[in-house]
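Engineer: One structure, as structure tokens, below. Some questions next.
The values are calculated or read from the model by the stated rules, or taken from the named source; none is laboratory data. Nothing here was measured: the structure is a model prediction, and the numbers come from that model. Heads up, the Cβs are rebuilt from the backbone with ideal geometry, glycines too, and the neighbour counts pull from every protein chain shown.
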Amino acid sequence: MPQIWFRPYVWMDYRLTLLFALIIPLILLIWAFVQQSEGIHRLLMIYWRVASLLAITAYLMIGGMAVSFISGLIARFLIPISLWFWVDLNDEIEYQPNSLLKFVFTSWRWAMTLYCALGIIGFAPFVGCGFSGNALKTPYCSVWLEAPLMFKDYFHHNSKPALLGFLGIIALIVYVAYLSYFVMIKLGKKGRSATQ
């Protein structure tokens with residue numbers, strides 16, 4: 001494969017995603033559960049539901065599906081919204097006593113928001129890869145598939161990429177159906193309250 005000047009940045013993005021979108025929130029979720037911090041725990045559960053689109057995107061990329069570029073960009077939009085949208089949870093977290101958990105969680109929330117904003121800017125030029133299956137064969141687009149394919153080699157060694165891509169499509173359909181239900185029905189009833 002020809003050398004692409006931005007390949008190190010793509011790999012850095014995947015490493016940062018692993019840190020900010022998986023490792024830190026998993027630690028925070030366990031910590032919030034142990035500390036019985038209901039507001040942080042509830043907000044992290046909402047985060048995990050929304051951020052599952054990143055995992056779906058990885059499976060779509062393993063399958064070589066062009067739609068993965070669109071789902072990846074949408075995930076970067078939805079994650080910060082999920083972290084700041086809920087008025088009642090924001091108030092509950094804001095007014096709870098200061099603690100190390102609250103400080104780390106708030107720091108992560110701001111860092112994740114900044115990371116997603118920068119990710120949108122950095123990923124936007126590649127959205128065109130999502131509108132053409134042939135574009136995925138170019139080094140410009142295929143560089144984004146390298147990390148998901150390496151993930152496949154480690155965790156799904158005996159699985160066919162087409163099967164994993166199919167599972168990604170099924171998961172994407174379920175995700176879009178649930179998101180549509182939430183936006184069209186639940187949001188109208190609950191508004192910006194996560195606890196009603």
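Engineer: Return the residue satisfying two criteria in turn: it lies in the range 120-133 and is in a helix (DSSP H, G or I) and small (Gly, Ala, Ser), and of such residues it is surrounded by the most Cβ atoms within 10 Å (Cβ to Cβ).
Structural biologist: Per the stated criteria, the residue is Gly130.
Engineer: Say whether the condition of being surrounded by 17 or more Cβ atoms within 10 Å (Cβ to Cβ) and under 28 Å from Tyr181 (Cα atoms) is met by at least one residue in the range 91-99.
Structural biologist: Yes - at least one qualifying residue is present in the range 91-99.
Engineer: Related question: Out of (1) over 30 Å from Lys186 (Cα atoms); (2) modelled with pLDDT of 90 or more; (3) out of contact with any Gly (no Cβ under 7 Å at 6 or more places or on another chain), the odd one out for Phe123 is which?
Structural biologist: If we test Phe123 against (1) over 30 Å from Lys186 (Cα atoms); (2) modelled with pLDDT of 90 or more; (3) out of contact with any Gly (no Cβ under 7 Å at 6 or more places or on another chain), just (3) comes out false.
Engineer: Out of (1) surrounded by 17 or more Cβ atoms within 10 Å (Cβ to Cβ); (2) closer than 30 Å to Asp88 by Cβ; (3) modelled with pLDDT under 90, what's the single condition that is false for Leu136?
Structural biologist: Going through the list (1) surrounded by 17 or more Cβ atoms within 10 Å (Cβ to Cβ); (2) closer than 30 Å to Asp88 by Cβ; (3) modelled with pLDDT under 90, Leu136 breaks only (2).
Engineer: Moving on to the next point. Which members of the range 147-163 meet the condition of being more than 18 Å from the chain's Cα centre (by Cα) and closer than 16 Å to Ala66 by Cβ?
Structural biologist: Pro161, Ala162
Engineer: Moving on to the next point. Consider Ser142 carefully, then state whether it is part of a helix (DSSP H, G or I), loosely packed, with under 12 Cβ neighbours inside 10 Å and of a type in the set (S, T, N, Q).
Structural biologist: So Ser142 does not fit the description; no.
Engineer: Taking the stated definitions as given, is Val10 more than 12 Å from the chain's Cα centre (by Cα), part of a helix (DSSP H, G or I) and free of Cβ contacts under 8 Å to residues at least 60 places away in the same chain?
Structural biologist: Judged against the criteria, Val10 is not a match.
Engineer: Any residue in the range 97-124 that's farther than 26 Å from Val34 by Cβ: show its pairings with residues that are at pLDDT 95 or above at Cβ separation under 6 Å, as long as the two are six or more apart or on different chains.
Structural biologist: Close Cβ pairs satisfying both conditions: Cys116/Arg76; Cys116/Ile79; Cys116/Pro80; Gly119/Arg76; Ile120/Arg76; Phe123/Leu73.
Engineer: Regarding Ala75, is this residue in contact with a Ser or Thr (Cβ under 8 Å, 6 or more places away or on another chain) and either within 17 Å of Ile173 (Cα to Cα) or not in a helix (DSSP H, G or I) (or both)?
Structural biologist: For Ala75, the condition - in contact with a Ser or Thr (Cβ under 8 Å, 6 or more places away or on another chain) and either within 17 Å of Ile173 (Cα to Cα) or not in a helix (DSSP H, G or I) (or both) - is met.
Engineer: Could you run through the range 13-43 and say how many residues are more than 19 Å from Gly72 (Cβ to Cβ), assigned to a helix (DSSP H, G or I) and touching a residue at least 40 places away in the same chain (Cβ under 8 Å)?
Structural biologist: 10
Engineer: If Ser159 meets every condition in (1) over 18 Å from Thr17 (Cα atoms); (2) of a type in the set (S, T, N, Q); (3) without any contact (Cβ under 8 Å) to a residue 60 or more places away in the chain; (4) in a helix (DSSP H, G or I) apart from one, which number is that one?
Structural biologist: (4)
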